[in-house]
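**Student:** Dropping a structure here in structure tokens format, bear with me for questions.
The values are calculated or read from the model by the stated rules, or taken from the named source; none is laboratory data. Just so you know, these numbers come straight off a predicted model, no measurement behind them. FYI the Cβ positions are ideal-geometry reconstructions off the backbone, even for glycines, and counts take in every protein chain you see. Just the protein is used for accessible areas: all its heavy atoms, side chains included, with ligands, DNA and RNA removed. Shrake-Rupley method; radii C 1.70, N 1.55, O 1.52, S 1.80 Å.
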Amino acid sequence: MSIFGGVDLIVKCYNPVPVGGKFECFDVITHAKSVVWNKKFYDVGSFQISLLKTDLKRNDIVVHGDNCGIVMKIEKSFEGCEVYGYDLKGLTEFRHIYEPKTYAGDAEMIIKTIAQDTLITGKRAIEGLTIADVRLDIQEKMEWLCDNVNVADTLNKLCKEKELNYDITFSETGLLFDVTKGRDMTENTVFSRKFRNIEDMTHTVDNYSTYNVVLSKVQAEDGTITYTEIGDAEGIFRREYATDKDAETVLTEKREIETMRGTANDRLKYGSDWKNGDYVTCMFGDYVTEKQIVEVKEVCEPGNTKIMPIFGDEKENIIKKILRM
């Protein structure tokens, strides 16, 4: 048992297809050298397991505490084995929407309808997978166009826009696809060296891929091409980008990136005081801000577990925004 209330290096291995309504555990690994999980709130996560030897095969399911994933790659050498894979959200990486289709409803309904079409229908159906009922009571209705897109990519984009998370969880009796949203923990959860609840913290402001002037291409009926300029930065501060996409969207995507990351200790309990997707308060010297935890890296080694939250770009806490409405 780790200091974070998790588990040790026990990894259970399951066949990917249930038999008689139940997934079969064919091995229990008790002496892994290390287990690393990268859990992402919006995107597909990943894992890496270091072993002396293994009987795992591609597509097998592995379970380590509350984490579960599908094996994608196995490397064997004289020193041992490395097993790599996606968390179970990675099942959406294997699906594509070819023909244009517009989904309508609230964001949760759209996400689950896309999952219905691509994960549990016809030849695409994954045995043992069910989709939870719509339950978040999101009032805003919308439309979402899917046209020749990877399912993981379109769900990632939709979830980031609406600040929602989808996940696929495992039990021996089945897989469950569901949608959640982050909690507002900004009043109760403060990461700060002052409170001795974080071992280290890094604050990064990245301007490498930032553009503040977008030239949007417009083609007239006679074939003439002109550019419409969005943004008014000048001189040494000007960063230009040309596109045939919506200029405002590009400006949002190419804005300055600010992230914070650190290694948490047991003063704040992972899974209760904070978890992936929560909005929390971060203090770095005199700098105080509210951030959303967008990724959690879990590193488990014999006798040592590190939990590293990664805080995303500063943006309005959607939960507080809803409360003000």
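**Student:** When residues of the stretch 244-274 are filtered for being touching a Phe, Trp or Tyr at 6+ places or on another chain (Cβ under 8 Å), under 23 Å from Val218 (Cβ atoms) and not charged (D, E, K, R), how many remain?
**Tutor:** Residues meeting the conditions: 2.
**Student:** With respect to Ala132, is the statement that it is open to solvent by less than 60 Å² (accessible area, probe 1.4 Å) and either within 22 Å of Trp37 (Cα to Cα) or without any contact (Cβ under 8 Å) to a residue 24 or more places away in the chain (or both) true?
**Tutor:** It is false that Ala132 is open to solvent by less than 60 Å² (accessible area, probe 1.4 Å) and either within 22 Å of Trp37 (Cα to Cα) or without any contact (Cβ under 8 Å) to a residue 24 or more places away in the chain (or both).
**Student:** Considering the stretch 231-242 alone, what residues qualify as being more than 9 Å from Tyr211 (Cβ to Cβ) and either touching a residue at least 24 places away in the same chain (Cβ under 8 Å) or open to solvent by less than 70 Å² (accessible area, probe 1.4 Å) (or both)?
**Tutor:** Step one: filter the stretch 231-242 for residues more than 9 Å from Tyr211 (Cβ to Cβ), giving 232-238, 242.
Ala233, Gly235, Phe237, Arg238, Ala242, listed by residue number.
**Student:** Let me ask something else. When you scan the stretch 29-53, how many residues do you find that are open to solvent by less than 20 Å² (accessible area, probe 1.4 Å) and within 15 Å of the chain's Cα centre (by Cα)?
**Tutor:** Going through the stretch 29-53 one residue at a time, the tally reaches 6.
**Student:** Only residues that are within 22 Å of Glu163 (Cβ to Cβ) and either outside any strand (DSSP E or B) or of a type in the set (D, E, K, R) (or both): list them for the stretch 33-58, please.
**Tutor:** Those that are within 22 Å of Glu163 (Cβ to Cβ) and either outside any strand (DSSP E or B) or of a type in the set (D, E, K, R) (or both): Lys39, Lys40, Phe41, Tyr42, Asp43, Val44, Gly45.
**Student:** Related question: Given the residues Leu158, Leu91, Leu145, which is the only one that is of a type in the set (A, V, I, L, M), surrounded by fewer than 14 Cβ atoms within 10 Å (Cβ to Cβ) and not in a loop (DSSP other than H, G, I, E, B)?
**Tutor:** Every option except Leu145 fails the conditions.
Table: residues versus (1) open to solvent by 70 Å² or more (accessible area, probe 1.4 Å); (2) in contact with a strand residue (DSSP E or B) (Cβ under 6 Å, 6 or more places away or on another chain); (3) assigned to a loop (DSSP other than H, G, I, E, B).
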| site | (1), (2), (3) |
| --- | --- |
| Thr186 | no, yes, yes |
| Glu229 | yes, yes, no |
| Lys245 | yes, no, yes |
| Val250 | no, yes, no |
| Gly262 | no, yes, no |
| Ile293 | no, yes, no |
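**Student:** What do you reckon, is Gly69 touching a Gly at 6+ places or on another chain (Cβ under 6 Å) and surrounded by 20 or more Cβ atoms within 10 Å (Cβ to Cβ)?
**Tutor:** For Gly69, the condition - touching a Gly at 6+ places or on another chain (Cβ under 6 Å) and surrounded by 20 or more Cβ atoms within 10 Å (Cβ to Cβ) - is met.
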